[in-house]
Amino acid sequence: MGLLSRKATCNSHGQDSSYFLGWEEYEKNPYDDIKNPDGIIQMGLAENQLSFDLIESWLAKNPDAANFEREGQSIFRELALFQDYHGLPSFKKAMADFMSENRGNRVSFDPKKLVLTAGATSANETLMFCLADPGDAFLLPTPYYPGFDRDLKWRTEAEIVPIQCTSANGFCITKSALEEAYEQAQKLNLKVKGVLITNPSNPLGTTTTRTELNHLLDFVSRKNIHLISDEIYSGTVFTSPGFISVMEVLKEKKLENTDVSKRVHIVYSLSKDLGLPGFRVGVIHSNDDIVVAAATKMSSFGLISSQTQYLLSSLLSDKSFTKNYLKENQIRLKNRHTKLVSGLEAAGIECLKSNAGLFCWVDMRHLLRTNTFEAEIELWKKIVYEVKLNISPGSSCHCNEPGWFRVCFANMSEETLKVALNRLKMFVDGLLSTTRSQSEHRRLRSLRKMKVSNWVFRLSFHDREPEER
């Protein structure tokens, strides 16, 4: 009899995905412009490091928050003592207001319907525990964030069935794709409990359209299932079309306070918009009181520290700061996105047109040796080990077309991005040069064969008797 649990010894965590393997290689040999200029540049991590100076400036101007003081008096002891898992009311209100502001105040969020979690990872897993039993399934549009194989499945033992989206329409979600995924789940004898989307999409960097959101709401309404909208990139939308939350569409369709609205759940965090993944701040918003109650109890396994809540309640309550931050951060993201796209174009590489996120969905299909996932991994390994760039292959995101890659742009300096793009251009130029050389070699060899064949034919023709010709 084994001494360890089945969970401890199983291999379903997803750590063997190329997404995580690339990280491991980076950690063995990280790039540093001075100490290790030949190291691997991390372009597989969706972090926002472009606007730290704005937050640092606020902290310098607001010492009470940073020093855990209120009106000049220390509240260290108050924050150090036990806090229940409902969270600080001031923080929940500030978070609800910030979520509304992030959506142009077109919708509002009730702090009583928020559940605090240690990041979006915890929020998504908690919702899985609340909505699905082991063996139940959620439908996810492809390509999707590789970490979902861990977050949604590992401990909950729920299943993921892909909604197959393609480049033919920019990977949009269609009615037929939703129905096909549902039917596939039924063939696998899986009970479908809901659909989970990321809006804006990770890894596409695109916002979900109003048409798609209408399709999704109609679908979950007809099937009597849940919809989870992971909106952690909502504040990163840097150009039109703007962000549309599923909450807005519920309001437009007059579905507020209905059974459908009780089955729509929002996940949000401050990891991407504010660039604070280390603070571990996530929330669930649900209109279902039972889900809120159950998720709140579960949140005791992954709380946000009282100190973090106090600091961020002060920061988020400063409306002048949040307004300026969101605007300036989006300008910086747009500029950085433009630099990545133009650098890739100089290397002969195109991207899916995007308007949000911290990454681009990059098309390298023309660089594949063959149109297979084996060729995609072969190219990825060259980029990681030879070019020394860690990017994420589309197969790790369950894309059904080989040759797509997610490339992040906001987790490094502009100088480092230039180094990365120069490396990539040199690699592509060399690869295409080799391909053209091989193609020319094959063409010349074919011509020689044709010339020999023609010479043999002419020789044999002239050697024949007249009547044989």
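Observations
- If you filter the range 242-266 down to residues that are within 30 Å of L358 (Cβ to Cβ) and aliphatic (A, V, I, L, M), you find that the one that is surrounded by the most Cβ atoms within 10 Å (Cβ to Cβ) is I266.
- Where a residue in the range 251-269 is at positive phi and its partner, wherever it lies, is open to solvent by less than 100 Å² (accessible area, probe 1.4 Å), with Cβ under 9 Å and at least six apart: N257/N287
- Taken over the range 186-199, the residue count meeting the criterion of being open to solvent by less than 50 Å² (accessible area, probe 1.4 Å) and touching an Asp or Glu at 6+ places or on another chain (Cβ under 8 Å) is 7.
- Restricting attention to the range 286-311, the residues that are more than 12 Å from H86 (Cα to Cα), surrounded by 18 or more Cβ atoms within 10 Å (Cβ to Cβ), modelled with pLDDT of 95 or more and hydrophobic (A, V, I, L, M, F, W, C) total 1.
- Residues of the range 66-84 that are over 34 Å from the mean Cα position of the chain (by Cα), of a type in the set (D, E, K, R) and in a loop (DSSP other than H, G, I, E, B): E71 alone.
- Only one of the listed residues (T117, T156, T142, T174) is polar (S, T, N, Q), open to solvent by less than 50 Å² (accessible area, probe 1.4 Å) and under 26 Å from Q330 (Cβ atoms). That residue is T117.
- Checking each residue in the range 250-268 for being among the β-branched types (V, I, T) and modelled with pLDDT under 95 picks out T258, V260.
- Flag for L315 being closer than 25 Å to A80 by Cα and of a type outside the set (S, T, N, Q): yes
- The lone exception for T239 - which of (1) in a helix (DSSP H, G or I); (2) surrounded by fewer than 19 Cβ atoms within 10 Å (Cβ to Cβ) it fails: (1)
- Within the range 200-226, tally of residues that are surrounded by fewer than 16 Cβ atoms within 10 Å (Cβ to Cβ), closer than 19 Å to R103 by Cα and among the polar types (S, T, N, Q): 3
- Tally, over the range 66-95, of residues that are in contact with a strand residue (DSSP E or B) (Cβ under 7 Å, 6 or more places away or on another chain) and crowded, with 17+ Cβ neighbours inside 10 Å: 4
- When residues of the range 307-365 are limited to those that are in contact (Cβ under 8 Å) with a residue 12 or more places away in the chain and hydroxyl-bearing (S, T, Y), the one nearest to Y144 (Cα to Cα): S354
- The conditions of being under 23 Å from F68 (Cα atoms), open to solvent by less than 20 Å² (accessible area, probe 1.4 Å) and either at pLDDT below 95 or of a type in the set (S, T, Y) (or both) are met by S271.
- Selection of first residues in the range 154-173 that are assigned to a helix (DSSP H, G or I) and of second residues that are of a type in the set (D, E), restricted to Cβ pairs under 9 Å at least 6 apart or on distinct chains, gives the following pairs, ordered by first then second residue: S167/D363; S167/E401.
- Answer residue from the range 111-143, given it is of a type in the set (V, I, T) and outside any helix (DSSP H, G or I) and is nearest to S167 (Cα to Cα) among those: T142
- Selection of the range 39-61 for residues being among the small types (G, A, S) and within 14 Å of L315 (Cβ to Cβ) yields S51, S57, A60.
Conditions tested, residue by residue: (1) closer than 30 Å to S51 by Cα; (2) in contact with a helix residue (DSSP H, G or I) (Cβ under 8 Å, 6 or more places away or on another chain); (3) hydroxyl-bearing (S, T, Y).
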site: L333; (1), (2), (3): yes, yes, no
site: V341; (1), (2), (3): yes, no, no
site: E345; (1), (2), (3): yes, no, no
site: L352; (1), (2), (3): yes, yes, no
site: G357; (1), (2), (3): yes, yes, no
site: R369; (1), (2), (3): no, yes, no
site: E376; (1), (2), (3): no, yes, no
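- Filtered residues of the range 381-395 (kept if in a helix (DSSP H, G or I) and either open to solvent by less than 10 Å² (accessible area, probe 1.4 Å) or among the β-branched types (V, I, T) (or both)): I383, V384, G394
- Selection within the range 403-437: residues that are of a type in the set (V, I, T) and closer than 27 Å to Y145 by Cα. The member of this set that is most open to solvent (accessible area, probe 1.4 Å) is V419.
- Residues of the range 312-358 that are within 17 Å of K418 (Cβ to Cβ), of a type in the set (V, I, T) and open to solvent by 20 Å² or more (accessible area, probe 1.4 Å): T338, V341.
The values are calculated or read from the model by the stated rules, or taken from the named source; none is laboratory data. Every value quoted in this text rests on a predicted model; they were computed, and no experiment measured them. Cβ coordinates were reconstructed from backbone atoms using ideal geometry, including for glycine residues, and neighbour counts include every protein chain displayed. Ligands, DNA and RNA are excluded from the accessible area calculation, which covers all protein heavy atoms including side chains. Shrake-Rupley method; radii C 1.70, N 1.55, O 1.52, S 1.80 Å.
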